[in-house]
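Student: What follows is a single structure, and I will ask about it in a moment.
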Amino acid sequence: MRARLAAAEGETSEVPKELCEAQIALLELRDSDRAFSVAATIPAPLDDANTEGIWQYKLLRRMPGLRDIEGSLDRVELRCPWKRVTTKPGEGKAWRIPEPWGACDVFVFGEPGASFKLIEYPADTESESAEAES
């Protein structure tokens with residue numbers, strides 16, 4: 001990873017150094033043995049036809065969970081190239097995503113203004129299996 005940053009410091013690089021540093025920081029965070037969180041708030045719907053908002057996030061790891069839920073969340077969808085799962089959100093609930101499903105995004109549907117933390121746990125953490133809820 002550091003080699004990529006070193007290459008970005010050269011005058012011929014098309015990628016700004018700041019972007020390379022941010023990418024390295026994300027990869028180091030993904031590969032660490034610590035859980036990390038992303039604070040989230042459900043935005044207002046994009047059109048008047050919908051009453052619920054949708055928050056989307058591209059997962060870095062294979063084990064997401066929710067904590068500190070304030071407000072009403074209706075459902076969570078894990079959307080992967082080879083599988084799609086819809087489940088109910090719950091405080092402290094986490095899902096293990098099998099490797100064969102591919103890289104996944106998480107979509108959280110709920111009342112606009114509802115907030116929560118999405119936690120990405122390291123692989124060795126115990127959890128429910130997303131597969132069991134499909």
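Please treat every number below as a calculation from the coordinates, not as lab data. Note that this is a predicted model, so its numbers are computed, not measured. Here the Cβ is made from the backbone with ideal geometry for all residues, glycine too, and neighbour counts use every protein chain on show.
Student: Which net charge results when you count Lys and Arg as +1 and Asp and Glu as -1 among the other residues whose beta-carbon is under 12 Å from that of residue 103?
Tutor: Working: positive: 30, 58, 61, 62, 79, 83; negative: 99, 105.
Cβ neighbours under 12 Å give a net charge of +4.
Student: Based only on other Cβ atoms within 10 Å, what is the fewest-to-most ordering of 19, 66?
Tutor: Details: 19 10, 66 22.
Starting with the residue having the fewest Cβ neighbours, the order is 19, 66.
Student: Given a Förster distance of 35 Å, report the FRET efficiency between residue 47 and residue 88 from their Cβ-Cβ distance, rounded to the nearest 0.05. Spell out each step's value before the answer.
Tutor: On the way: r = 25 Å, r/R0 = 0.72.
Given R0 = 35 Å and the Cβ-Cβ separation, E is 0.90.
Student: Something else now. What net charge is computed for the residues neighbouring residue 38, neighbours being all others with C-beta under 10 Å from the C-beta of residue 38, Lys and Arg scored +1, Asp and Glu -1? The partial results should precede the final answer.
Tutor: Values: positive: 117; negative: 120.
With Lys, Arg at +1 and Asp, Glu at -1, the neighbours total 0.
Student: Can you sort 69, 42, 54 by how many other beta carbons sit within 10 Å, fewest first? All intermediate terms of the calculation are to be shown ahead of the outcome.
Tutor: Working: 69 19, 42 22, 54 16.
Taking fewest neighbouring Cβ atoms as first place, the list is 54, 69, 42.
Student: If we count other beta carbons within 10 Å of each Cβ, what is the order of 106, 15, 38, fewest first? Working shown, then result.
Tutor: On the way: 106 23, 15 12, 38 15.
By the 10 Å Cβ count, ascending, the order reads 15, 38, 106.
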